[in-house]
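Written out below as structure tokens is the structure these notes cover.
Coordinate-derived values only; no laboratory data. Bear in mind the structure is a predicted one, so any value in this text is a computation, not a measurement. Reconstructed Cβ throughout: ideal geometry from the backbone, glycine too, with neighbour counts over all protein chains shown.
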Amino acid sequence: MTPQGKLRRLDATGYLACFRGIIWREVLRFLHQRERFLSALVRPLVWLFIFAAGFRQVLGVSIIPPYETYVLYEVFVTPGLIGMILLFNAMQSSLTMVYDRETGAMRTLLVSPFPRSFLLVSKLLGGVAVAVLQAYVFLLIAYFWEIEPPLIGYVTLLPALVLSGLMLGSLALFISSVIRQLENFAGVMNFVIFPMFFASSALYPLWRIRESSPLLYEICRLNPFTHAVELIRFSLYAKFSPMPLVLVVGFTVFFLAAAIFAYNPSKGLMGRRKPLANGGS
Amino acid sequence: MQEAIETQHSEIQTHALEVLGVSHKFGSKVALDNVSLTVPRGRFVVLLGPNGAGKSTLFALITRLYDNVSGEIRIMGFDVRRRSTAALQQLGVVFQGRSLDLDLTALQNLTYHAALHGIGYREGRRLADEALVSVGLADRARDKVRTLSGGQARRLEIARALLHGPACLLLDEATVGLDIASREQVIDIVRGLVRNRGVGVLWATHLVDEVNADDKLVLLHEGRVRYSGTAADLISTTHAESLRAAFIHMTDAGHTHAQ
């Protein structure tokens with residue numbers, strides 16, 4: 001074993017080892033939880049195969065950027081369903097973090113000598129890596145359902161997925177610091193996931209929403225998830241739209257700062273709480 | 001020459017852990033009130049207190065899960081607020097609740113911990129193998145933690161806490177839920193670390209039968225240190241028949257707390 005009391009220098013190699021270790025753990029956990037992978041895939045596929053097929057005749061989508069022609073509803077809804085994968089995966093991570101905090105596994109991460117911000121960002125990126133993998137498997141299946149974006153779109157999509165995943169993961173990380181107990185997670189479903197998903201451009205174009213309700217349209221425009229979906233939509237067709245990019249970057253920075261603040265023992269919310277049941281006295 | 005002597009002197013004087021005048025509140029409730037204690041290197045120090053005494057809160061402050069806003073906490077001389085990286089490098093922790101990843105193997109749990117201390121996979125793997133041997137779990141390296149018994153999981157947590165070579169080891173109610181044989185095994189391992197490797201151990205418990213007569217004892221009750229000294233001295237000071245009776249006398253904790 002390492003001699004007692006010997007101080008290691010935490011240089012770039014040490015940071016890299018720590019980063020790799022955290023990512024590897026997330027991937028290992030993912031590989032051990034196949035049900036989680038399947039359920040994450042089944043959800044958007046049900047929407048694609050059943051919901052979108054049913055709505056095809058009801059909802060017409062006119063020519064709106066980035067599409068250059070009329071598209072089927074399935075094609076329109078695909079970026080929203082990719083966003084759904086990222087959103088649910090992020091919230092699943094949030095749930096895992098609350099669980100880890102209750103069981104104590106989170107403590108082993110937080111008592112590492114590395115800066116807490118570095119540890120949290122590494123953990124976030126681990127979750128994003130898993131979500132990106134799920135998104136590409138979904139696109140592979142969707143290809144056989146005639147969702148055929150240009151080949152280059154699969155490449156340009158990657159940074160959009162990482163950025164959107166980081167934004168939603170940061171939000172989830174912040175939420176995990178606010179949730180006191182695992183039982184409260186049902187509230188996250190009702191107050192965060194569903195409103196974010198439905199009040200966005202994931203299922204219907206924004207102009208359609210504006211026609212039916214100007215108020216809802218404004219809410220959708222304020223919703224960070226809307227801009228993540230639009231970023232994914234444009235990048236999937238190898239198109240660039242600055243506004244979603246700027247807003248997603250902005251929201252990511254804001255949510256990440258809030259999460260790091262919340263987990264900071266000297267400033268955040270964690271140190272003001274009584275120890276949880278596991279913490280004993 | 002003089003400088004060398006001073007350096008040597010300061011190394012001798014450095015305690016594994018020093019807690020100086022630490023207080024902590026949750027809202028208006030005082031959890032710790034001006035708590036001070038030291039854990040010299042190579043000593044087994046028992047933090048004895050009934051449930052709710054503030055032991056876990058103190059551990060959360062030492063490990064920087066909470067921020068200590070009053071007083072000072074030093075690990076091997078490093079202040080946990082100002083030099084948290086160096087301080088946490090010198091610290092190994094076994095938390096009260098189980099904190100292993102149940103879906104990973106024993107070996108994977110250890111290499112993950114090594115990574116969290118900046119140790120690369122190859123070296124981490126070597127250290128993990130050694131650590132598993134030292135706690136008698138070499139044959140369970142590739143088994144998922146879920147399949148280990150309570151005692152084996154505890155020993156694995158001790159191996160994990162020692163992997164990066166800390167000078168100070170904290171154990172919070174480490175024997176809770178274990179059968180007698182597993183309890184004794186865990187205590188023997190930890191006392192062996194103190195004897196053979198000079199680790200300073202802070203052992204938090206509410207079980208008086210885990211205390212030896214010559215152990216340094218810190219008695220914590222309702223967030224305050226009620227006694228600090230050896231267990232034998234506490235018995236003679238209170239004119240009690242046993243440590244259990246002395247503990248009840250000092251805490252008025254009643255029979256349910258002392259076992």
Which of A:VAL249, A:VAL229, A:VAL71 moves most in a GNM of chain A, Cα contacts under 10 Å?
-> A:VAL71
Looking only at other chains, what is the average number of their beta-carbon atoms within 10 angstrom of each beta-carbon in A:223-233?
-> 0
Per residue of the stretch A:44-51, in order, report the coupling 6.51 cos²θ - 1.76 cosθ + 1.60 (Karplus, θ = phi - 60°) as ³J(HN,Hα) in whole Hz, putting x for Gly and Pro.
-> x, 5, 4, 4, 6, 6, 9, 4
If each part is reduced to its alpha-carbon centroid, the stretch B:187-259 and the stretch A:188-205 end up apart, in Å, by 56 Å
Sorted from fewest to most neighbouring beta carbons within 10 Å, what does the list A:MET243, A:MET167 look like?
-> A:MET243, A:MET167
Given a Förster distance of 51 angstrom, what is the FRET efficiency for A:PHE191 paired with B:ASP214, based on the Cβ-Cβ distance and rounded to 0.05?
-> 0.35
Could you check the simple spin-label distance between A:TYR15 and B:THR238, using points 7 Å along Cα→Cβ, in nm with one decimal?
-> 5.2 nm
Would you mind giving the mean number of other chain beta-carbons within 10 Å of the Cβ of each residue in B:103-111, as a whole number?
-> 2
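To two decimal places, what compactness ratio does the stretch A:66-188 give when its Cα radius of gyration is scaled by 2.2 N^0.38 Å? Display every interim value, and only then the final one.
Details: Rg = 17.1 Å, N = 123, 2.2 N^0.38 = 13.7 Å.
The reported ratio for this selection is 1.25.
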With respect to the cross-link table entries A:LYS123/B:LYS144; A:LYS123/A:LYS239; B:LYS25/B:LYS55, which display a Cα-Cα separation exceeding 20 Å?
-> A:LYS123/B:LYS144; A:LYS123/A:LYS239
Picking from A:LEU28, A:LEU110, A:LEU125, which is most flexible by a Gaussian network model of chain A using Cα springs under 10 Å?
-> A:LEU28
Spatially proximal aspartates and glutamates relative to B:LYS216 (Cα-Cα < 13 Å; intrachain offsets below 8 disregarded) | B:ASP233
Taking springs between alpha-carbon atoms closer than 10 angstrom, which of A:LEU86, A:LEU222, A:LEU41 fluctuates most in the Gaussian network model of chain A?
-> A:LEU222
Compactness of chain A - radius of gyration and Dmax, Cα, Å | 20.2, 71
Calculate the mean, over all residues of peptide B:78-89, of how many other protein chain Cβ atoms lie within 10 angstrom of the residue's Cβ.
-> 3
Under the 7 Å Cα-to-Cβ spin-label approximation, A:TRP207 and B:PHE26 lie apart by a distance in nanometres of 5.6 nm
Report the charge-dipole magnitude of the protein assembly as shown in Debye, nearest 20, computed about the Cα centre from +1 at each Lys and Arg Cβ and -1 at each Asp and Glu Cβ.
-> 460 debye
Hey, how many Å between the Cα centroid of the stretch B:87-109 and the Cα centroid of the stretch A:93-123?
-> 12 Å
Overall form of the stretch A:127-240 per C-alpha gyration tensor (a/c, 1.5; a/b vs b/c) | oblate
Residue-wise HN-Hα coupling along the stretch B:99-112, computed from phi with Karplus coefficients 6.51, -1.76, 1.60 (Hz; x: Gly, Pro) = 10, 8, 8, 5, 7, 9, 6, 4, 5, 5, 4, 6, 5, 5
The set of residues whose placed amide H lies less than 5 Å from the amide H of B:ASP79, leaving out same-chain residues fewer than 5 positions away, is none
Once you have a ≥ b ≥ c as the square roots of the Cα gyration tensor eigenvalues for the stretch B:77-229, tell me rounded if a/c is under 1.5, and otherwise prolate or oblate according to whether a/b is larger than b/c.
-> oblate
By the C-alpha gyration tensor axes a ≥ b ≥ c (rounded if a/c is under 1.5, else prolate when a/b exceeds b/c, else oblate), the shape of chain B is oblate
Long-range HN-HN contacts of A:SER201 with modeled amide H, under 5 Å | A:THR226
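Using the scaling law 2.2 N^0.38 Å as the reference, what is the normalised Cα Rg of the stretch B:101-165? Numbers along the way, then the final one.
On the way: Rg = 10.3 Å, N = 65, 2.2 N^0.38 = 10.7 Å.
Working it through for the stretch B:101-165, the quotient is 0.96.
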Per the helix-only model, chain B has a calculated mean residue ellipticity at 222 nm (DSSP H runs of ≥4, -39500 (n - 2.57) each, divided over all residues, rounded to the nearest 500) of -11500 deg cm²/dmol
What full-extension length gain, to one decimal in nm, is calculated for B:ARG82 and B:THR230 as 0.36 nm per residue of separation minus the Cα-Cα distance?
-> 50.1 nm
In which sequence would B:ILE189, A:ILE50 go, from the one with the fewest C-beta neighbours within 10 Å to the one with the most?
-> A:ILE50, B:ILE189
Given labels modelled 7 Å from the Cα in the Cβ direction, how far is it in nm from A:TYR70 to B:ALA141?
-> 6.6 nm
Mind ranking B:68-80, B:234-246, B:105-117 by how tightly packed they are, going by the mean number of other C-beta atoms within 10 angstrom, highest first?
-> B:105-117, B:68-80, B:234-246
